[in-house]
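The values are calculated or read from the model by the stated rules, or taken from the named source; none is laboratory data. Since the model is a prediction, treat every value here as computed from it, not as a measurement. Cβ coordinates were reconstructed from backbone atoms using ideal geometry, including for glycine residues, and neighbour counts include every protein chain displayed.
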Amino acid sequence: MNRVMLTGVRPSGNLTLGNYLGAIKNFVDRQESYKSYIFIADLHAVTSYKEPNFLKESVYNCIAMYLACGVDENKTIIFKQSDVLEHGTFGFIMTFQTKMGELSRMTQFKAKSQGCGKEGVDTGLFVYPTLMVADILLYNTDIVPVGKDQQQHVELTRDLAERFNKRYGNTLNMPDVYVDVIGNKILNLQNPAEKMNKSDDGNNKGTIFLMDDLNVARKKIMSSVTDNYNKVHFDEDLQPGISNLMSILAKITGETFESIEKRYEGKGYGDFKKEVADVVCSLLENIQERFKKYNNKELLDKILFNGANDARIDASETLNRVRKSMGLN
Ligand code: TYM
């Protein structure tokens with residue numbers, strides 16, 4: 001039987017170079033070796049208010065972007081989370097297997113809820129990981145390619161699968177996280193202490209969007225924050241900005257850090273940044289060219305319709321098994 005790979009992205013704005021290098025590229029590179037599912041986590045997007053038309057457009061944009069990045073609709077099941085109702089029901093069930101303490105310890109929850117006080121925190125933000133647990137377990141997933149920031153959620157998934165199986169008998173498949181050593185946390189170009197996010201505080205100067213105008217993207221890289229060591233060297237603590245650019249270059253080209261360091265021995269940051277900009281711009285140009293082909297709502301609706309039909313078959317089989325194990329059938 002084929003092993004299963006699954007990942008998802010929240011449609012909450014334009015996709016970034018971080019999304020691509022941390023998750024989508026790893027998925028695309030492996031889609032032929034697995035039974036593959038990629039979905040749009042639109043229920044996760046509405047844990048905070050999204051203007052409905054903005055959300056709809058973001059979903060289309062996100063699927064067209066998956067395809068432009070190389071997800072193959074003939075090899076991968078592409079669907080929208082809210083089209084497969086089993087996600088909601090199973091997410092609800094998995095919330096009951098979870099302790100408040102476990103959810104309180106999630107780093108992403110702690111970071112995002114900072115400053116609201118306990119009273120002001122949306123419960124959606126709090127239970128967000130248990131829906132993610134359901135997303136993964138519904139498809140008997142073996143491997144989940146994600147960036148470093150989502151690793152803890154996949155580890156929670158493993159804990160909950162184990163707890164469920166102990167309580168109710170062997171029902172759920174145990175997934176593994178796949179976080180690549182290179183590019184698992186692409187940093188903000190203006191503030192390398194922060195992750196590159198879909199939105200940042202500095203007019204998005206620190207974030208490369210896959211749809212960025214090439215001149216804008218080039219400018220962002222050329223003006224990225226580095227250091228005074230004047231040495232192209234990988235050291236995430238001492239030289240986070242340069243190490244980030246090295247990760248971007250290495251992840252796209254496959255070159256090792258040692259080889260990059262060697263090539264830039266005795267050279268300044270200007271030449272190095274220019275090469276990173278060239279490589280990133282050529283990647284974006286390619287993606288943007290393909291995006292034009294897929295930016296067609298009729299085509300995307302068809303892909304989503306077929307994807308949801310396929311996904312539903314697998315998800316309902318798991319949910320039926322879960323209900324049977326729990327005595328809910
Ligand atoms: P989201 O939409 O925040 O991010 C999508 C994917 O991109 C990765 N990522 C990054 N990787 C490296 N560097 C960065 N700067 C960077 N920014 C984002 C994320 O780690 C993620 O893999 N909860 C998830 C979506 C989700 C999901 C799932 C993923 C819902 N259910 C089930 C996998 C399996 C999220 O909000 O990702």
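Does at least one position in the range 148-160 carry a residue that is among the hydrophobic types (A, V, I, L, M, F, W, C), within 15 Å of the chain's Cα centre (by Cα), within 28 Å of LEU319 (Cβ to Cβ) and within 14 Å of the ligand (Cβ to nearest atom)?
Within the range 148-160, the first condition is being among the hydrophobic types (A, V, I, L, M, F, W, C), and the residues that meet it are 154, 156, 160.
Checking which are within 15 Å of the chain's Cα centre (by Cα) leaves us with 154.
Those still in the list that are within 28 Å of LEU319 (Cβ to Cβ) too: 154.
This time we only want the ones that are within 14 Å of the ligand (Cβ to nearest atom), so: 154.
Checking the range 148-160: at least one residue is among the hydrophobic types (A, V, I, L, M, F, W, C), within 15 Å of the chain's Cα centre (by Cα), within 28 Å of LEU319 (Cβ to Cβ) and within 14 Å of the ligand (Cβ to nearest atom).
Output the residues belonging to the range 111-143 that are at pLDDT below 95, within 19 Å of the chain's Cα centre (by Cα) and more than 28 Å from LEU328 (Cβ to Cβ).
The answer is ALA111, LYS112.
From TYR66, TYR20, which residue is among the hydroxyl-bearing types (Ser, Thr, Tyr), touching a strand residue (DSSP E or B) at 6+ places or on another chain (Cβ under 8 Å) and at pLDDT 95 or above? Full working, then the answer.
Values: TYR20 fails: touching a strand residue (DSSP E or B) at 6+ places or on another chain (Cβ under 8 Å).
Result: TYR66 is the single residue among TYR66, TYR20 that is among the hydroxyl-bearing types (Ser, Thr, Tyr), touching a strand residue (DSSP E or B) at 6+ places or on another chain (Cβ under 8 Å) and at pLDDT 95 or above.
Is it the case that some residue within the range 29-52 is within 12 Å of the ligand (Cβ to nearest atom), assigned to a helix (DSSP H, G or I) and farther than 18 Å from MET132 by Cα?
No, the range 29-52 contains no residue that is within 12 Å of the ligand (Cβ to nearest atom), assigned to a helix (DSSP H, G or I) and farther than 18 Å from MET132 by Cα.
Which members of the range 180-201 meet the condition of being in contact with a strand residue (DSSP E or B) (Cβ under 9 Å, 6 or more places away or on another chain) and touching a residue at least 60 places away in the same chain (Cβ under 8 Å)? Walk me through how you get there before you give the answer.
Here is the first cut: in the range 180-201, the residues in contact with a strand residue (DSSP E or B) (Cβ under 9 Å, 6 or more places away or on another chain) are 180, 185-188, 193-198.
Correct list: ASP180, LYS185, ILE186, LYS195, MET196, ASN197, LYS198.
Might you let me know whether the range 288-310 holds any residue that is among the acidic types (Asp, Glu), under 24 Å from VAL71 (Cα atoms) and in contact with a strand residue (DSSP E or B) (Cβ under 8 Å, 6 or more places away or on another chain)? Explain how you work it out, then say what you get.
So in the range 288-310, the residues among the acidic types (Asp, Glu) come out as 289, 298, 301, 310.
From what's left, under 24 Å from VAL71 (Cα atoms): 289, 298, 301, 310.
Now restrict to residues that are in contact with a strand residue (DSSP E or B) (Cβ under 8 Å, 6 or more places away or on another chain): 310.
Yes; the residues of the range 288-310 include at least one that is among the acidic types (Asp, Glu), under 24 Å from VAL71 (Cα atoms) and in contact with a strand residue (DSSP E or B) (Cβ under 8 Å, 6 or more places away or on another chain).
Give the residue that is farthest from the chain's Cα centre (by Cα), with candidates limited to residues of the range 59-76 that are crowded, with 21+ Cβ neighbours inside 10 Å and under 25 Å from THR130 (Cα atoms).
THR76
Quick one: is LEU299 in a loop (DSSP other than H, G, I, E, B), more than 21 Å from the chain's Cα centre (by Cα) and not small (Gly, Ala, Ser)?
Details: in a loop (DSSP other than H, G, I, E, B): no; more than 21 Å from the chain's Cα centre (by Cα): yes; not small (Gly, Ala, Ser): yes.
Against the criterion (in a loop (DSSP other than H, G, I, E, B), more than 21 Å from the chain's Cα centre (by Cα) and not small (Gly, Ala, Ser)), LEU299 does not qualify.
Is there any pair linking a residue in the range 258-269 that is part of a loop (DSSP other than H, G, I, E, B) to one that is surrounded by 14 or more Cβ atoms within 10 Å (Cβ to Cβ), with Cβ under 6 Å and at least six apart or on different chains, and which?
Every condition considered, the pairs that remain are TYR264/VAL232; TYR264/PHE272.
Take the residues in the range 81-100 that are under 16 Å from TYR128 (Cβ atoms) and in contact with a Ser or Thr (Cβ under 7 Å, 6 or more places away or on another chain), then tell me which one is surrounded by the most Cβ atoms within 10 Å (Cβ to Cβ). I'd like the intermediate steps shown before the answer.
At the first step, the residues of the range 81-100 found to be under 16 Å from TYR128 (Cβ atoms) are 81-82, 87-88, 90-100.
If we keep only those that are in contact with a Ser or Thr (Cβ under 7 Å, 6 or more places away or on another chain) too, we end up with 91, 94-95, 98.
Working: GLY91: 23, MET94: 28, THR95: 18, THR98: 17.
The residue in question is MET94.
Residues to consider are LYS166, LYS231; find the one that is farther than 30 Å from THR318 by Cβ and at pLDDT 95 or above.
Values: LYS166 fails: farther than 30 Å from THR318 by Cβ.
None of the other options fit; the residue is LYS231.
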